[in-house]
């Protein structure tokens, strides 16, 4: 089974802190993604990566950065956490097929609260 | 920007009833996935449909991809309390998935015993 593991289920951080969310996948997938999920807004793509050291902005990258030093690991960084970044963060990975079968496999999510 | 509209947003029905959830767009997708998400967990893939007009069945769940590959539906027969959850549809563009999936906002389904 594909496994995507996020380092924390729940986090509470203070405004202004630098926050690291870690994600590891064990299926040698090329693509990795970070989404945030908020009530009424659905899943929104923050950043994605299609290769080591490669990153692309998604729909809402402001206030976030990412790092992909190894193929299996994709980190999301909140440079200076703010209360409007309180959310459920979901990491996902997928195999690049060059075609149409682009199923995403998700981690269990990190519920981040910024106080 | 490709958008996916899901309807209804919320649905609460009794055990044993049938239901249909819709996922519509004005854009064409190369494939469409359906996911189910339980509270506090990540979404879990249910099915992928690729060909226009394709129908896939997963036990009591029937998934259909529209002929024009712009819309999809999920039909549940004889719903059970275990079907409760958030159902998400997601469309893939032509980039082989390297540019991420476009998600609908989901349908919150509650099946009451």
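Kirkwood Rh and Cα-based Rg: tell me the resulting Rg over Rh for chain A, rounded to two decimals.
Numbers: Rg = 13.5 Å, Rh = 14.1 Å.
My calculation of the ratio gives 0.95.
For Cα pairs less than 8 Å apart in space and 6+ apart in sequence, what is the mean separation divided by the residue count of the stretch B:1-66, i.e. the relative contact order in percent?
RCO, the stretch B:1-66: 21 percent.
Per residue of A:102-113, what is the mean number of Cβ atoms on other protein chains within 10 angstrom of that residue's Cβ?
Partner Cβ neighbours, averaged per residue: 5.
How big is the shadow of the Cα convex hull of the stretch B:11-56, averaged over all directions, in nm²?
Hull-based average projected area comes out at 4.8 nm².
I need the shape label for the stretch B:28-113. Rule: rounded when a/c is under 1.5, else prolate if a/b > b/c, else oblate, with a, b, c from the alpha carbon gyration tensor.
oblate
Which ordering of B:44, A:115, A:4 is given by a fewest-first count of other beta-carbon atoms within 10 Å?
Arranged by neighbour count, lowest to highest, B:44, A:115, A:4 become A:115, B:44, A:4.
With the alpha-carbon atoms as the only input, what is the per residue convex hull volume for the protein assembly as shown in Å³?
Value for the protein assembly as shown: 115 Å³ per residue.
Would you work out the relative contact order for chain A, in percent, from Cα pairs under 8 angstrom that are 6 or more residues apart?
It comes to 36 percent, rounded to a whole number.
Only the coordinates and a few stated rules stand behind these numbers; no lab work does. Quick caveat, the model's predicted, so the values are computed rather than measured. Here Cβ is always computed from backbone atoms with ideal geometry, including for glycine, and neighbour counts include all displayed protein chains.
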